[in-house]
Amino acid sequence: MIQSPAPAPTDHSDRRALAVLFAIVFINLVGFGLVVPLLPFFGESLKAAPWQVALMFSAYSVGQFFAEPFWGRLSDRIGRKPVLLITVAANAVGYLMLAFAPNIWVAIGIRLFTGLGAGNVSTVQGYVADVTPPEKRAGRMGLIGAAFGAGFIAGPGLSGVLVREDLGRLGYQLPIFAACGLAILAALGVLFLLKESLVRRDGPAPARAPFLGGVRDAAANPVVSRVILVTLIYMAGFSGMESTFGLFTGARFGWGAREVAFSFMAVGIVSVICQSAVTGRLSQRFGESRMLAVGCLLFGCGLLGQMLAPVGWAVPVAMSVGAFGMAMTMPNISAMISRATPPDRQGAMLGLNMAASSSGRMFGPVVAGAMFSGLGHDWPLAVGAALMIPAALMAVNAGRAVARQSTVPLPAG
């Protein structure tokens, strides 16, 4: 017996499944949003240098790099629900261990483990693709993206409320404990509320492919290959900004963890509004590849705005412009990949895309941390903005490939 995607239902069952998935993703991302703004300051409480803080971000992405293709392919075989349960539970364990990390190197190792457990984005995207007809995928990928954005509203906002910098390390542990509790709640939601989106059918199981075994197939697909390159370039720029943002605003404006957390909350507000109400409509009207290119360029403008901000309050404004661009990127990337991929390969191809995302997140923080320490606090933003130009051009090329061949099937097996 093997598993295959069920036909997308036409009644309300798909919407109910997506509503449950939305809630689980939201709860999990609230926990993620609680922790991310604190990491530079948590690292400093462990006497970490800027490059070591950047390594904490990169270690998480190293774990995701290896985990995303594995979990994506495994979810194609055994189902989405068990993979989501394992990975969300691993998040809870990772948060708990991080709170008690005795030094920065142990914290880096824990972030690596947490990244292995957090590599479930492709599984979430595969679930959405299972229950959604192709013409609605950009919009519904946007709705799941809105759950990520909503998590970045509530998470950093709650982090700003819970953090107590006057208490030293304990003040940073309190939000991490809250993140652990939310991950446990999300795991219970997967266990008791989420239904499996794949159905069993008779027939021999397909042969197991090696790790990253779909790279050759993805490279041969003119749509998937270009879109994955967009993901790699975009995420390198984004993660470089993310990992050094607290250090940048501290150097420029004397900000602490609370101001950083509320700035990320502003990003989440813009992102959730755009992804829930704007992304799908614009993509249907103007095309997924065009909006992907526009999103990359807007994100680059947001990075430049942060770099040139004359006063602190202008930084969240610039970040909001970038957040609008961010809302146009990942949903359209996921939709384009799912359109160009057979149903039984979507988990694998989306997993490869997330591996590319993790690659950008691996190298982006390391390079940004080195530039921050060696060249100055503006350099990660300037280089990240410049990277958005080739990303936009690659998105345009992907659109041309779609025009030449609307769907390029991948070889079976």
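The values are calculated or read from the model by the stated rules, or taken from the named source; none is laboratory data. Please read all numbers here as calculations on a predicted model, not as lab measurements. Cβ coordinates were reconstructed from backbone atoms using ideal geometry, including for glycine residues, and neighbour counts include every protein chain displayed. To get the accessible areas, we keep the full protein, side chains included, count just its heavy atoms, and leave off ligands, DNA and RNA. Shrake-Rupley method; radii C 1.70, N 1.55, O 1.52, S 1.80 Å.
What are the lysines whose alpha-carbon lies under 16 Å from the alpha-carbon of K81, with same-chain residues fewer than 8 places away excluded?
K195
For A107, what charge total do you get from the other residues with a beta carbon under 12 Å from its beta carbon, if Lys and Arg give +1 and Asp and Glu give -1? Kindly include the intermediate steps, with their values, before the conclusion.
On the way: positive: K47, R111, R169; negative: E44.
Combined, the nearby Lys, Arg, Asp and Glu give +2.
Decide, for the range 257-401, between rounded, prolate and oblate: order the square roots of the alpha carbon gyration tensor eigenvalues as a ≥ b ≥ c, take rounded if a/c falls under 1.5, and otherwise choose prolate if a/b is larger than b/c, else oblate. If you can, show how the numbers build up before the last one.
Working: a/c = 1.92, a/b = 1.49, b/c = 1.29.
Because a/c hits 1.5 or more and a/b exceeds b/c, the range 257-401 counts as prolate.
Have a look at C296, I176, A49 and report the one farthest towards the positive end of the charge dipole of the chain, computed about the Cα centre with Cβ charges (Lys/Arg +1, Asp/Glu -1).
The residue sitting most towards the positive pole is C296.
Of L85, G268, A257, which is farthest on the positive side of the dipole of the chain, counting Cα position, with +1 on Lys and Arg Cβ, -1 on Asp and Glu Cβ, and the Cα centre as origin?
So the residue furthest toward the plus end is L85.
Against the globular-protein guess of 2.2 N^0.38 Å, express the Cα radius of gyration of the chain as a ratio, rounded to two decimals.
Working: Rg = 20.0 Å, N = 413, 2.2 N^0.38 = 21.7 Å.
That works out to 0.92 for the chain.
What percentages make up the Cα-Cα pair-distance distribution of the range 232-321 when the bins are 10 Å wide from 0?
15, 46, 29, 9, 1
Tell me the angle of helix 330-339 to the major Cα principal axis of the chain, expressed in degrees between 0 and 90 and rounded to the nearest ten.
Here the helix axis deviates by roughly 20 degrees.
How large is the charge dipole for the chain, taken about the Cα centre, if only the Cβ atoms of Lys, Arg (+1) and Asp, Glu (-1) carry charge, to the nearest 20 debye? Numbers along the way, then the final one.
Working: 29 positive and 17 negative charges, 146 e Å.
Dipole magnitude for the chain comes out near 700 debye.
Keeping every protein chain present and rolling a 1.4 Å probe, give me the accessible area per residue for the chain in Å². Working shown, then result.
On the way: 15880 Å² over 413 residues.
Result: 38 Å² of accessible area for each residue.
Would you mind counting up the charge near V311? Only other residues with Cβ under 15 Å from its Cβ, with Lys and Arg at +1 and Asp and Glu at -1.
Surrounding charge for V311 is 0.
Enter the angle in degrees (range 0 to 90, nearest 10) between the Cα long axis of helix 137-162 and the first principal axis of the Cα atoms of the chain, meaning the one along which they spread out most.
So the helix axis and the longest Cα principal axis differ by about 20 degrees.
If exposed trypsin sites (Lys or Arg not before Pro) are those in a DSSP loop with at most 16 other Cβ within 10 Å, what is the longest stretch of the chain that has none? Please report the intermediate quantities before stating the final value.
Details: sites that count: K47, R164, K195, R208.
Longest gap between qualifying sites, sites excluded: 209-413.
How far apart, in nm, are two points set 7 Å out from the Cα along the Cα-to-Cβ line at D166 and at A314?
So the label points at D166 and A314 sit 3.3 nm apart.
Can you pull the percent of the range 261-302's accessible area that's carbon plus sulfur, 1.4 Å probe, other chains left in place? Kindly include the intermediate steps, with their values, before the conclusion.
Working: 1190 of 1830 Å².
Exposed carbon and sulfur together represent 65 percent of the surface.
How would the range 14-119 be classified by its alpha-carbon gyration tensor: rounded, prolate or oblate, with rounded meaning a/c under 1.5 and the a/b versus b/c comparison settling the rest?
Details: a/c = 2.68, a/b = 1.85, b/c = 1.45.
Because a/c hits 1.5 or more and a/b exceeds b/c, the range 14-119 counts as prolate.
Report, to the nearest 10°, how far helix 121-130 tilts away from the longest principal axis of the Cα atoms in the chain, using its own Cα long axis and a range of 0 to 90°.
Here the helix axis deviates by roughly 30 degrees.
Between the range 44-63 and the range 157-193, how far is it from one alpha carbon centroid to the other, in angstrom?
20 Å
In deg cm²/dmol and to the nearest 500, what is the mean residue ellipticity at 222 nm of the chain if only DSSP H runs of at least 4 residues count, each as -39500 (n - 2.57), divided by the residue total? Don't jump to the answer; show the numbers that get you there.
Working: 17 runs with 322 residues, N = 413.
Here the helix-only value at 222 nm equals -26500 deg cm²/dmol.
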